[in-house]
Amino acid sequence: MEIVRDLERPEASRRVDRRERVADVEDLDILRGNPFFICPCADLIYNERPTSLIIMQPLESSLFDPGPPVREAWFGPYRATFHELVLGTCDAFLGMAERSPSATQRAELIDQEMTDEATWNVEEREQIARFTEARKLFRAEEWILSRRILKLGSEIFAGTHKQCDGPVFTSISHSKSRVVVAVSDRLIGIDHEVIEHRSASWAARMDPSNAAESLRAYLVMWRDISIDSAETAIWGIKEASLKASGAEGVGLVPAVEVSLDEGGITTMIPDRRGAYACFLNVEPRSILIIVMNQS
């Protein structure tokens, strides 16, 4: 059984719509001899070369807090929360649910969903059955929760938050502890990672420029962050960037370059272009990264 309940919305003052900054800009200055277009109102850099995707804004504005939920839903014993976000100049909708350490609760969820013909079509119920037959209950849990949150989150966003009649974009991530879904009318990518220690060989392969140390050194001015947290964030930034650019695939992650300077976070993805921005929510045991188109 699905139980959905609206919660008290945050005060309006908490949601500052930054689109007004963009509306004040009449044109973009072109730097002679430089391939970048500057958009100071949105703190973005657009690279006109088709070989890379640039993500840049001041690091202090890269940190975000989901804030209190505006809606909650119960899927059996699992509670999902939904949050309104303003990231850079754009709106997004975030849904998430904690995973259960209990095999009994996972089995309860699966049994309930297998018979829910109102939510799942025949092919979807068959997919759940295949997970169950293969004893992949952990995989079944993340599949059910992510699709449940995606269905409901897309309906809520399309009905109350979508600013135009264009397509709705979504992104899904699941870690050992949580399932998260992002919905927006802009291209968006999301990644949730449990903070883990990364070996020296991992750092040499995935972060040859040592961007993790630069990120940690900068973010400690706002948050207490370990090198393990920073290295986890670098992986998450790469994966979310790939999702937002449409170039998904864990095998492509090493090819994504991440660097930091006084301007903020920059990621470069081969054969991609666009104006995107990266946002991080740093928690004691995990990191949530959202990358979304700002143009």
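Bear in mind these aren't lab numbers, they're just calculated from the coordinates by the rules spelled out. Just so we're clear, the structure is a prediction, and the values are computed from it rather than from any experiment. Heads up, the Cβs are rebuilt from the backbone with ideal geometry, glycines too, and the neighbour counts pull from every protein chain shown.
Numbers for the structure displayed
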{"item": "Cβ-placed point charges (K, R +1; D, E -1), dipole of the stretch 76-172 about Cα centre in debye, nearest 20", "result": "300"}
{"item": "Theoretical gain in end-to-end length, residue 86 to residue 200 [0.36 nm per residue, Cα-Cα removed]", "result": "37.4 nm"}
{"item": "Residue 283-residue 221 pseudo-label distance in nm [points 7 Å out on the Cα-to-Cβ vector]", "result": "2.7"}
{"item": "For residue 169, residues with placed amide H under 5 Å, excluding near neighbours", "result": "184, 185, 186"}
{"item": "For the stretch 61-78, 3J(HN,Hα) per residue [Karplus equation, 6.51 cos²θ - 1.76 cosθ + 1.60, θ = phi - 60°, Hz, x = Gly/Pro]", "result": "8, 7, 7, 9, 10, x, x, x, x, 9, 7, 10, 9, 10, 10, x, x, 9"}
{"item": "Segment residue 134-residue 107, length gained on full extension (0.36 nm per residue, minus Cα span)", "result": "8.4 nm"}
{"item": "Packing-based exposure ordering (other Cβ within 10 Å, fewest first) of 205, 198", "result": "205, 198"}
